[in-house]
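The numbers here are math on the coordinates, done by the rules we state, and not lab data. Note that the structure is a prediction, hence the values are computed from the model and not measured. Don't worry about glycine lacking a Cβ; one is built from the backbone with ideal geometry, like all the others, and counts go over all protein chains shown.
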Amino acid sequence: MSNMLLEAKELHTYYGASHILHGIDFNIRQGEGIALMGRNGMGKSTLIKSMLGIVRPKHGRVLVRGDDFTKAPTYRTAQRGIAYVPEGRGIFPNLSVRENLQMSARAGVDGQREWTFERVMATFPRLGERINNGGWQLSGGEQQMLTIGRALMTNPDLLILDEATEGLAPLIAMEIWRIVKEIRKTGIATVIVDKNHGAVTSICDRAMILVKGEVVFDGSSDEVRANPELIQKHLGV
Amino acid sequence: MKQQSLEIIHDEHRALAAMLNGLRAIAAGIESGRLQPDYALLADMIRYIDEVPEKLHHPKENDYLFRLLRPRCPEAVPVIEQLEAEHAQGDARIAELRAALASWQQAGAAGFAAFHEVLTTYLDQEWRHMNTEEHEVFPLARKHLTAEDWAEIDAAFLANDNPWQGAAGEYQALFTKIVNVAPAPVGLGG
């Protein structure tokens, strides 16, 4: 049986008349970690949204565990073990930390319930200190931790983090990357979209770089880290 | 060639940069009156940059990376000597920072300006130091060190299993404590 979790084939996505993705191929297998990188506006988030059904591609196919999900609604993709942590967080502000977590709880695709409320608390002890606080009372860093915690409560096989540390201070970002590294060690496949190439290539074994809606690099993170010219050319500011 | 040791150094620089950035932001918050001084937090942050970069990170650079690069690349020698001299001054500079913190704590608000000046000097020097390593020395290391050199450096770095966390996770625990206590938006504290 194939261990492919998510695939995109020849994806073309438009926003109105603007052609954003130009025939992108993408795939991720169980346990794999991919750092999806590129400067602002290069199509990283659009690629993620196109694969999850949040934005509809005009051409191309999306496969989830080998099944055609090109026109499937987003919730069906989530039910197949793919958890998405979007830019800008998106917790329920009127619910407590506990309620935010508990309402997300469900078994994974194979019935696994490895990520329990207690385990999420152990992974994010800070959330334990805020357990009865409302979502609106949390700082940006705590909200981000809660969003990741909620995603884990769905017992996913693939966790997609889209700009998870955007707007957070470096100390908090470092702490979140440390925790994500720990999560990676549990075997959950991960796609991380982030501008901090140093951090994400230290977490993920594979790296992809997008430029103007096309893949210009798909290889190992080691290759990226050992190639300052590549970083400067495509990721430097 | 993988050069895992350089990856470890980059990771360590990122953690140090985050701590330095946090110190600068907290000091700016105190200066503007937005934050109240938390001497214990500042002492923990200084302890972190003392125990982790000064005592663990810099010796590794001196003993392995710089030592092997010297004979391979004569043009790197002046900058290596400058960096080693800065490493050698590390203890004294941290002591000065600690003394400035203690003086401020004793003097009250009037002592902040002197501490802030010492801190700013320290932070500026550390940024310059890291930038010199990242932009001048590491590219030369990549270019001139041989596979055997990297094998020796990598072995030394990897033998000391994740020193950034400490043998029993104590440095990681200190980092997490600082993140949890530091006031938002620098950290997660109230």
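Tabulated data for the structure shown
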{"read-out": "Distance cut-off 20 Å, percentage of C-alpha pairs in the stretch A:137-237 lying past it", "value": "40"}
{"read-out": "Those trypsin sites (Lys or Arg not before Pro) in the stretch B:1-76 that DSSP places in a loop and that have at most 11 other beta carbons within 10 Å", "value": "B:R34"}
{"read-out": "Residue-averaged [θ]222 nm for chain A, counting only DSSP H segments that reach four residues, each worth -39500 (n - 2.57)", "value": "-9000 deg cm²/dmol"}
{"read-out": "Lys pairs, chain A - Cα-Cα below 15 angstrom, 8 or more residues apart or on other chains", "value": "10"}
{"read-out": "log₁₀ of I(q)/I(0) at q = 0.12, 0.13, 0.16, 0.19 Å⁻¹ - the stretch A:1-87, Debye sum with one point per alpha carbon", "value": "-0.33, -0.39, -0.59, -0.84"}
{"read-out": "Label-point separation, A:E214 to A:R76 (7 Å along Cα→Cβ), nm", "value": "3.3"}
{"read-out": "Summed side-chain charge close to B:D91 - residues other than B:D91 whose Cβ falls under 11 Å, Lys, Arg +1, Asp, Glu -1", "value": "0"}
{"read-out": "Crossing angle, helix B:90-107 versus chain B [Cα axis fit, 0-90 degrees, rounded to tens]", "value": "0"}
{"read-out": "Range in chain A, longest, excluding exposed trypsin sites (Lys or Arg not before Pro) [loop by DSSP; at most 14 other beta-carbon atoms within 10 Å]", "value": "A:114-211"}
{"read-out": "Net charge over other residues, Cβ less than 15 angstrom from the Cβ of A:T116 (K, R count +1; D, E count -1)", "value": "+3"}
{"read-out": "Shape metrics for the stretch B:54-124, restricted to C-alpha atoms - Rg then Dmax, Å", "value": "16.5, 52"}
{"read-out": "Two-site FRET efficiency, B:A184 against A:R98, from Cβ-Cβ distance with R₀ of 25 Å, rounded to 0.05", "value": "0.75"}
{"read-out": "FRET efficiency, B:S103 to B:N62 (Cβ-Cβ, R0 25 Å, nearest 0.05)", "value": "0.20"}
{"read-out": "Shielding by partners, peptide A:140-152 (average Cβ within 10 angstrom, other chains)", "value": "1"}
{"read-out": "Chain A, Rg to Rh (Cα coordinates; Rh as Kirkwood inverse mean 1/r)", "value": "0.96"}
{"read-out": "Average beta carbon contacts from partner chains per residue of A:77-87, 10 Å cutoff", "value": "0"}
{"read-out": "Convex hull per residue volume in Å³, alpha carbons only, for the stretch B:4-181", "value": "103"}
{"read-out": "Point-to-point label distance, A:R56-A:S18, nm (Cα→Cβ direction, 7 Å offset)", "value": "2.0"}
{"read-out": "In degrees, nearest ten, helix B:170-181 long axis to first principal axis of chain B (Cα)", "value": "40"}
{"read-out": "C-alpha long axis of helix A:170-185 to longest principal axis of chain A, angle in °", "value": "80"}
{"read-out": "Neighbour-count order for A:Y84, A:Y75, B:Y122, A:Y14, fewest beta carbons within 10 angstrom listed first", "value": "A:Y75, A:Y14, B:Y122, A:Y84"}
{"read-out": "Per principal axis, descending, Cα span of the protein assembly as shown in whole Å", "value": "64, 54, 43"}
{"read-out": "Theoretical gain in end-to-end length, B:A43 to B:A110 [0.36 nm per residue, Cα-Cα removed]", "value": "22.3 nm"}
{"read-out": "Neighbourhood net charge (10 Å Cβ-Cβ; Lys/Arg +1, Asp/Glu -1) for A:R39", "value": "+3"}
